[in-house]
């Protein structure tokens, strides 16, 4: 069960990175509303993650 959960978390972080990149390339700036600024910056500073 934890394997599935960890894969979902990785996917969510990857989707956030892709979403923010897409917004940025279209002239918009994303501001996190549910994540803390610290958590958001940590995710955004990471690389694309692959499932295990």
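The values are calculated or read from the model by the stated rules, or taken from the named source; none is laboratory data. Worth saying up front: this structure is predicted, and the values here are computed from it rather than measured. A quick note on method: Cβ atoms are made from the backbone with ideal geometry, for glycine too, and the neighbour counts reach across all protein chains shown.
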- prompt: For residues in the stretch 21-52 being in a loop (DSSP other than H, G, I, E, B) and in contact (Cβ under 8 Å) with a residue 12 or more places away in the chain, which is surrounded by the most Cβ atoms within 10 Å (Cβ to Cβ)?
  reply: 49
- request: Kindly list the number of the only condition in (1) at pLDDT 95 or above; (2) outside any helix (DSSP H, G or I) that fails for residue 14.
  value: (2)
